[in-house]
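Student: Handing you a structure now.
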């Protein structure tokens, strides 16, 4: 009996060593940044419809800090996802048997709700994942998806933005706002960016036609009206903005 037990212990020990490990930032309880810990965890393997990405860059998004600090989407009684991180950029290291969009070695960037604070992550090939532009670094590419994929549905789907319209982007220097300025220009709108003094020139370089420095001027008091007002930072109420909308404005 003792020999059998010893054999089982050896098998478990061997299985542990046979696992392929990776490094990740893990947390097991809600709290301040100190709850984050660098650990070794099992490296994921791609399913048939997934790609395995070796991550070279990720970001800390506002939502990550919120999920780390309090209850919510990441569980109530216990954590559902011990590895945070949404945005990533890296190389495809392996692909599942049914993957057609990507090949091993592709440089990619994308967005997935959890798991990017790690060396590797699996994502479905039909998820928010795309080939990284060759003229962007991994760090630049990783910073794009969250803001862009938030701004796009607001402007295109809810705002129904059209060429020739006027659009005001409040918070134009933030992640969502910077994407919104560029998207609004892409759709042919005349864009007014609202941000602080330090970011005026940068937002103008992104494509804003006019600029408003909110530290010096309240856009609701200058008499101008807009077809679309997009507040990307939640600082304005509809009651305050409605006087700055055109008759059919959104």
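The values are calculated or read from the model by the stated rules, or taken from the named source; none is laboratory data. Note that the structure is a prediction, hence the values are computed from the model and not measured. Here Cβ is always computed from backbone atoms with ideal geometry, including for glycine, and neighbour counts include all displayed protein chains.
Student: Give region 135-173 a look and list any residue that's surrounded by 19 or more Cβ atoms within 10 Å (Cβ to Cβ), without any contact (Cβ under 8 Å) to a residue 60 or more places away in the chain and in contact with a helix residue (DSSP H, G or I) (Cβ under 7 Å, 6 or more places away or on another chain), or say none.
Tutor: 147, 173 - these are the residues of region 135-173 that are surrounded by 19 or more Cβ atoms within 10 Å (Cβ to Cβ), without any contact (Cβ under 8 Å) to a residue 60 or more places away in the chain and in contact with a helix residue (DSSP H, G or I) (Cβ under 7 Å, 6 or more places away or on another chain).
Student: While we're looking at this one, here's another question. Output yes when any residue across region 233-244 is modelled with pLDDT under 95 and either at positive phi or surrounded by 21 or more Cβ atoms within 10 Å (Cβ to Cβ) (or both), and no when none is.
Tutor: yes
Student: Could we say that residue 172 is under 24 Å from residue 231 (Cα atoms) and part of a loop (DSSP other than H, G, I, E, B) here?
Tutor: So residue 172 passes the test.
Student: Still on this model: For region 204-218, enumerate the residues that are touching a residue at least 12 places away in the same chain (Cβ under 8 Å) and on the phi < 0 side of the Ramachandran plot.
Tutor: 206, 208, 209, 210, 211, 212, 213, 214, 215, 216
Student: Would you point out which residue out of 47, 78 is out of contact with any strand residue (DSSP E or B) (no Cβ under 6 Å at 6 or more places or on another chain) and modelled with pLDDT of 85 or more?
Tutor: After ruling out the rest, the residue left standing is 47.
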